[in-house]
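Report on the following structure.
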Amino acid sequence: MTANGWFQIFFFFALVLLCAKPLGVYMARVFEREHTWADRIFRPVELLVYRLTGIDETHEMAWTEYAVVMLLFSLVTMVATYAIERLQHILPLNPQHLAAVTPDLAFNTAASFTTNTNWQSYVPETTMSYLTQMLTLAYHNFFSAAVGIALAVALIRGISRRESKTLGNFWVDATRASLWVLLPACLIYALLLVSQGVVQNFRPYDQAKLVQAQTVTTTGTDGKATTQTITTQSIAQGPAASQEAIKMLGTNGGGFFNANSAHPFENPTPLSNLMQMFSIFVIPAALTVTLGRMTRTPKHGWAVFAAMAALFFAGVLVAYYAEAQPNPLLHSVNQHVAATQAGGNMEGKEVRFGIASSALFATVTTDASCGAVNSMHDSFMPLGGLVPMVNIMLGEVIFGGVGAGLYGVLIFVVLSVFIAGLMVGRTPEYLGKKIESYDVKMAMLYVLIFPLSILGFSAISLMMPNLGLSALTNTGPHGLSEILYAYTSATGNNGSAFGGLSANTHWYNLSLAAAMLIGRFLMIVPMLAIAGNLAKKKLVPPSPGTFPVHTPLFTVLLVGVILIVGALTFFPALSLGPILEHLLLHAGKSF
């Protein structure tokens, strides 16, 4: 670890902290229908959208209607995405004449982008046409993020309203999230990315002649070896900058290119790398300020922010330390920091980013449910790879995805307040609302769905050699980690992966799609049920026994509850995966 590396980490976080308050206040004004500078631009567009679609913006929805409308909207857009993927070979904007996407992969991709996961079991350059990338995938990047913000705002309204049967209007919340927040930010951000060298065009792929011809030998399904001489290389390009902007700001993560943000056409410079990490965190961080402002308790929003920040720094410390250490199996190689080398574990990392930015990016992208990568997590040291996995296993609540991170951490807030109430022998209260058995039951349902999907699908895959294990390229604890990470990423709607798992099979395409849908929609329903129940309640005046939710003690309790729930649930599986691999690595064995 170096002083320069720590400077990069603290400078990044200082930027996030600096922008969290103004953006959070702005979003609170947007969703409370207060005047903003953008009204003159976007209010006429909003009214036109409502007029064309027949939406009554004054109509308020109960939590059940809000949930049904959201589910139907997601279902229709998912079916449309599947259809376009299957028909892309006859649709325009396909200069490479790419074939239709296979049924199981099309279903997996449609589920992936609808749920804000952006898991990619395919090579984008050779699978998706420009039309598919823009009309379906980039579309979902916008609206899956807008849905997440809308759901978080609905939960905040449930907390702040009293004796109300409604949570707002889903169509209005999603529209305002798109027009006032995501669209203007992406327009500016995409231009900044283009200025750094991110490509944005509709040209067919270029063919570059190699300086030196390459001889490649491949083995076919019949076992026969074929040797051919390669003299040209296809240089993929396309409208990448526009998708890159919403990919990051919407914490989506799906790359326009297979190498994702390690590709020089997606992430060419250290400045673009900083912008991408910043854009992943800025909206989730700002939503904690939105929480404080809309509930009229700004200190509570900052207490939640502090809990997230503490978990973030713990993760990046472990990841950076683990990756900066030399590989104990490479005795004859100098792995120490010097003027000509970064030292530590540089496998799977871009030289232009180095260890600090790679460890920071891995922590940021898995703290949020983004999943974009500028290095290969599968090549991290065992403890370095443990950090991204644990970040997701904690429920994607360390800032988390846009909207999803906030409503996820608020479920843990409900549990923390409930535990505090039990400790002092009083009915738990949260911002003047009594937390009763129904609220706790729904919170526990939310918490239990997550590990049931991850551990259940992982166990089934491990028990089926011909389906689950045959896709592995590694054995032992690292092979277990690859399967465990895949279902953790899918259920957590993250999308990153340990690349040693060849997931483009019928089993993994269908089971991972199921995990994504479970992790998104089955967890949203109990969250909205809590919001609807809280909105109906009367405010209770604070008493000497009321547990304050704006103090350092509350922050410590919230961090403890998040860690305990994650540790108790996943520690046995982690012990057999990355922890065991770390111990065996130092005993001289690798996988």
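The values are calculated or read from the model by the stated rules, or taken from the named source; none is laboratory data. Not measured: the values here are computed from a predicted model. Methodologically, a virtual Cβ is constructed for each residue, glycine included, from the backbone with ideal geometry; neighbour enumeration extends over all protein chains shown. Note: areas computed on protein heavy atoms with side chains; ligands, DNA, RNA excluded. Shrake-Rupley method; radii C 1.70, N 1.55, O 1.52, S 1.80 Å.
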Is it possible to state the helix-based mean residue ellipticity at 222 nm for the chain, with each DSSP H run of 4+ residues giving -39500 (n - 2.57), the sum divided by total residues, to the nearest 500 deg cm²/dmol? What is it?
-19000 deg cm²/dmol
Set of lysines near residue 165 by C-alpha distance (under 24 Å), chain-local residues within fewer than 8 positions excluded
433, 434, 441, 536, 537, 538
Taking amide hydrogens as modeled 1.01 Å from N in the peptide plane, which residues meet the under 5 Å criterion relative to residue 433, leaving out close sequence neighbours?
540
Note: the range 117-215, point scatterers on Cα, Debye, no solvent; log10 I/I(0) at q = 0.11, 0.24 Å⁻¹ equals -0.55, -1.29
What's the ranking of 169-180, 451-462 by average number of surrounding C-beta atoms within 10 Å, highest first?
169-180, 451-462
Grab the beta carbon distance between residue 205 and residue 543, set R0 = 60 Å, and tell me the FRET efficiency rounded to 0.05.
0.30
How far, in nm, would the chain grow between residue 56 and residue 334 when pulled straight, counting 0.36 nm per residue and subtracting the alpha carbon separation?
93.4 nm
Computed on alpha carbon atoms, what radius of gyration and Dmax characterise the range 1-73, expressed in Å?
19.7, 58
Short version: ³J(HN,Hα) in whole Hz for each residue of the range 345-353, in order, from phi by Karplus 6.51 cos²θ - 1.76 cosθ + 1.60 (θ = phi - 60°), x for Gly and Pro, what are they?
9, 9, 4, x, 10, 7, 4, 6, 9
Check: C-alpha center the range 66-109 vs C-alpha center the range 291-354, spacing in Å is 36
Restricting to lysines and to Cα separations under 29 Å from residue 247, and discarding same-chain partners fewer than 8 apart, the set is 21, 349
Using amide H atoms built 1.01 Å from N in the peptide plane, name the residues 5+ places from residue 102, or on other chains, whose amide H lies under 5 Å from its own.
none
How charged is the neighbourhood of residue 335? Take every other residue with its Cβ under 14 Å from the Cβ of residue 335, and add Lys/Arg as +1 and Asp/Glu as -1.
-1
Please find the FRET efficiency linking residue 563 to residue 475, where r is the Cβ-Cβ separation and R0 is fixed at 41 Å, and quote it to the nearest 0.05.
0.85
With the other protein chains left in place, how much accessible area per residue, in square angstrom, belongs to the range 469-591 at a 1.4 angstrom probe?
39
Between residue 317 and residue 341, what length comes free when the chain is fully extended (0.36 nm per residue of separation minus the Cα-Cα distance, one decimal in nm)?
6.5 nm
Starting from the Cα gyration tensor of the range 515-568, multiply each eigenvalue by 5, take the square root, and state the resulting semi-axes largest first in whole Å.
27, 21, 7
Beta carbons within 10 angstrom, averaged per residue: use that to sort the peptides 25-31, 351-357, 525-531, highest first.
525-531, 25-31, 351-357
Answer label for Cα extents along the principal axes in Å (calculated), chosen among (i) 78, 59, 48; (ii) 76, 49, 48; (iii) 83, 65, 47:
(i)
Within the range 486-512, what residues put their amide N at less than 14 Å from the label point 7 Å along the Cα-to-Cβ vector of residue 467?
505-512
Can you tell me the accessible area per residue over the range 199-351, all protein chains present, probe 1.4 angstrom, in square angstrom?
46
Quick one: accessible area per residue over the range 1-149, 1.4 Å probe, rounded to a whole number of Å²?
46
The range 416-456 and the range 560-581: distance between their alpha carbon centers, rounded to Å:
21
What part of the accessible area of the chain, given as a whole %, is carbon or sulfur when the probe is 1.4 angstrom?
68
